[in-house]
Each structure stands twice: as structure tokens, then as C-alpha cells.
1. Of the conditions (1) closer than 21 Å to His437 by Cα; (2) touching a helix residue (DSSP H, G or I) at 6+ places or on another chain (Cβ under 8 Å), Lys318 satisfies every one except a single condition; which number is it?
2. Using beta carbons and a limit of 9 Å, which pairs, at least six apart or on different chains, have the first residue in the stretch 281-293 and assigned by TED's automatic domain parsing to the domain that holds Phe387 and the second one assigned to a helix (DSSP H, G or I) and of a type in the set (Val, Ile, Thr)?
3. So Asp292 fits all but one of (1) closer than 23 Å to Val483 by Cβ; (2) over 28 Å from the mean Cα position of the chain (by Cα); what number is the exception?
4. Under 7 Å by Cβ, and 6 or more places apart or on different chains, what pairs join a residue from the stretch 27-48 that is aromatic (Phe, Trp, Tyr) with one that is in a loop (DSSP other than H, G, I, E, B)?
5. Name the residue that is nearest to Lys15 (Cα to Cα), counting only residues in the stretch 152-189 that are touching a Ser or Thr at 6+ places or on another chain (Cβ under 9 Å) and in a loop (DSSP other than H, G, I, E, B).
6. Taking the stretch 201-239 on its own, how many of its residues are in a loop (DSSP other than H, G, I, E, B) and buried (at least 19 other Cβ atoms within 10 Å of the Cβ)?
7. Quick check on this structure: which one of Glu289, Glu327 is part of a loop (DSSP other than H, G, I, E, B) and not hydrophobic (A, V, I, L, M, F, W, C)?
8. Filter the stretch 162-194 down to the residues that are hydrophobic (A, V, I, L, M, F, W, C) and in contact with a His (Cβ under 6 Å, 6 or more places away or on another chain) and list them by number.
Amino acid sequence: MRILMISSESVPFAKSGGLADAVSALAATLRRQGHDVRVLLPRYGHINTSILQKRTESIPVPCGESGEHWVGMYQALLDTGVPERPLPVYFVDHEGLFGRSGIYTDPNNGDYPDNCARFALLSRSAFQLCRLLDWIPDIMHAHDWPAATNAVYLRHLENTGAFANTASVLTIHNLGYQGVFPRHDYLQLGLTPELYEDAEFEFFGQVNFLKAGIYNADMLVAVSKRYAEEIQQPEFGFELDGLLRQRSDRLHGILNGIDERLWDPEADPYLSQPFSVDNLSGKQVAKREVWDWAGFPETELKANPPLIGLVTRLVHQKGMAELFHPEHQTLERIVNELGAYCVLIGNGEPYFEQAARELSERNPRFFAQVGFEDRWAHRIEAGSDFFLMASRYEPCGLNQMYSLRYGSIPIVTRTGGLADSVRDAKQHDGTGFFIEHPEPTEILNAVERALRCYRDEPERLSAIRERGMRQRFHWEDSAKEYVRAYRSAIARKRADQEVVLDELTVGTDEQEAG
């Protein structure tokens, strides 16, 4: 099967979150499985052209008010683990729109004001790339709002000719980010005025990329089965739950996998001493390294107190208000009242970054590093006894899968991909501890339950850890589910085409009869 993935992020070229990991891992896995998969990204300013191969100097891409943009195309080949099947990654080069250091935002001024034009160009360029390559995909697979308009262009502008049989798939990685722009930005899309409403761009008087993508895609995927159910409810639907219920027959939930080449405690280059489920001595070494890095007292480590790790974005979605707000002081109560030590690494909203720094400065049992380092993210996963994720919602989540693999028992909210990948310790086959609702009292209850097991039931705790470490979240399994979704998308498109053809035939017959 020929598949073109369109995304704003993909490692190792551009990353702001888990989207980048998921796109590259899924594409590489499908490539290894024998599919002709390719990826299209913008060439941002930080991506050096010296490491890329130029495919063409300049080709025109039809746009809105400006008529057309002239873009260059570059290419790179990524290792997939199978030498004869590298992954082709293409880059849309437009210095004026993409030649910046940020992906979506300027560090000093927030979101780029022309993001509507930037990512519409990405989606529209996909068709010109295929023409340039003389390669027509069976599937155009868009990821999140930056690529969502690809489904609109395919359905309304490229629905005849070369792409007549190409079907569209849109993966929703996080419904909370939708690509909403002022109404006048619609003029930059190169679509007729009627399509503003007919293609479902309209959103409370504004333009909504994700809404239009959901309405026009042949098939929709959410990144876990539970999240696919949750986003059809007002609590998690961000005003799109009605549309998603309307399109529920096209909506599937597929849990992301993890790249086990990068996250493997038996071969992790960031660990001084690798370890396995059958030999955990290296995990204790990792705990000591994290302990020393955090500056916790050496004398306390001898008693082996519980260490709770957090590797997270410091934003509301991740439950930071519930953890840090002065009214709740949940993290402070975890270390002061429940007797744990906590170590955190991450960045995000300035308020929560400052709250983390202040708690780290005043409480000797809590350490935070604001900023992200792969080395310490891996070591925290390896060295912690527990891993805390108090998310308000979590479409998929990856860190709970890493923590299971590394023997750091997850304490997680019962939501989205967390609920799909962790089993509560109350069950006979439990692998973690559930926070029933993302609120301070429930967070404390779950942590207290975990720490009680740590201190009073070491054999039970070991069994919970062992079950988690033996779990696997293979991308190979997720990729096979995506192939089924692709086939469903193709079948859906054909069925929709037959309905349109029947309607046209009936209309013609009625005209002739009249």
C-alpha cells in the first residue's frame, strides 16, 4: 500500500511533543512491514539543508489571496532498522513561511499570526509533491490540526483525476489543539466562500482546521480506544463532540506503541548499568544516580524511601494546577505527609515552571529541573519506584508505557490511553494504581495506596512491577490496526463515490423525464 503521511512534526527533524515520536515510529514500522510509506514535513529554519537532498528548486502551489506560493522540495532517508527499506522524508521549503526557529510559536510573542497560511500550504503541497514524484498514494494520512485541511483539499479540489481513488485518514492526537483562526484567514486557503460552511470550517465565527478535517476525512483515528469514546462526550469534546458522534461510524481508536529500540532498560545508553525484569540491580543503581543528581540526603537513601518521578509538560492538561496550586499543595503533601521523595523534569507554562522551581527550593524532598534532557528523562524512568501522571485527560500517553517497561510503577488518572495501557492494582493482574478523578484528594488517595503497598506488601509490589515490565506495546501491532483503518478508508471512499454517482444518475434521469 502507498501511504503519504503529512505532519508538522517528526523526529529527528522537528519535535514539540509526542506527535513527532508517533509519526516517525508508525511510518518506519509500516515501511518495515513492506508498505511504501513516505512523510512530508515543513523545512523549518533549524533544519539544515546541508543534510538534505534537493528534489526540485521551485514548484508552484495554488493558494488563496496570494495566488500561489513557489516552494522547493528536499528529501532525507531515515534508517528503519531494515537497510533495504529506508524511510523517505520530504520537506516543503518556503523561507517566508517556514524558515523560522519555532514550529508553531515565537518564544517571545506566542503563536505565529500566519499559522493558517503556513499549514494550509503544507497540506496543499502534498499534492504537488506527489505529482513531482509521479507517485500517487492510496492513502493520504494527516496528523492533527496542522495537516487536517489535506482531507478538505482531497475531497473538494483533488477529487477527480490522479487522486480520484486516494482516500484520506486523519489521526487526532489531541483534540484540545484544533487550529482556530480569525474568519478573514479563510481567504488564504484557496477555497470557495461556500466551503466555509459546507466543509465545516465555521466555528463560532472563526476558522477551525481540525473540525473541517474531521468532517471531510474518509476515516478518523484517535490514539487510544478509550479516547475515541471520550471525545464524543461534552466533557472531553472541546465543542466538537457532536460532530464526532455524527462521524462515529468512521472513528477508530488505535493505541500508539513505543519505540523499543529507544526505550529498552536492557540496552539503554543513558543508563550506567542496564537491567531487566529478571535482574533489577541496575535499577537500584539508576535510583542512586537520580538521588544524587537531585541532591537528596545520602543518609536517607540507606532506608530506601519511595521515589516518585514525573517527566511532563507543565501545563493544565497534565494536572499541574491540581499538583501545584497553593490551595491544594498536593505535591508538597505527598512528600511531607506521605513520606515520599519526588523528582520532576519538564517545561511548559511559566506559572507552573515557577511553582516547580519554588517548591524545589523550599522543600528538600522535592527536586525539579525546568527544561528537558533525554538523558535524565530516561534515568528518572529507570530510577523511580513510581511514576505519577495526574492528567486531566490523556489521549494516549507514552510515559506510562516507558515507566511500565522500566519497572517504575505508574500512578495514573483513569482516562484515555492511560486507562487502556495500565491495569489497576486492585485487579489480580494489576500493573499500576489509578487516580479515579483528576482532583487533589483522589491523587493523594492513589499515591497513599501505592506507598502503603511499597512499605507493607513488598512481594505484591514486586509482582505488580514484574507484570508491568513484561507488557509490550509494539508499534508492529498498532501498524497492523492502521492498515485495517486504511482499507476501511478506501472502502468508505468508494462507497461514497457510488452514492454520489447514483444521485447524479437519478438527477439526470429526472431532467430527461421532465
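The values are calculated or read from the model by the stated rules, or taken from the named source; none is laboratory data. Everything numeric here is computed off the predicted structure, so don't read it as measured data. Please note: Cβ atoms are built from the backbone with ideal geometry, for glycine as well, and neighbour counts cover all protein chains shown.
1. Only one criterion is unmet by Lys318, namely (2).
2. Short answer, once both residue conditions are applied: Ala286/Ile380; Val290/Ile380.
3. Checking Asp292 against (1) closer than 23 Å to Val483 by Cβ; (2) over 28 Å from the mean Cα position of the chain (by Cα), the one that fails is (1).
4. Hits for this filter: Tyr44/Arg100; Tyr44/Ile103.
5. Gly179
6. Going through the stretch 201-239 one residue at a time, the tally reaches 7.
7. Going through Glu289, Glu327 in turn, just one is part of a loop (DSSP other than H, G, I, E, B) and not hydrophobic (A, V, I, L, M, F, W, C): Glu327.
8. Selection gives Val169 alone.
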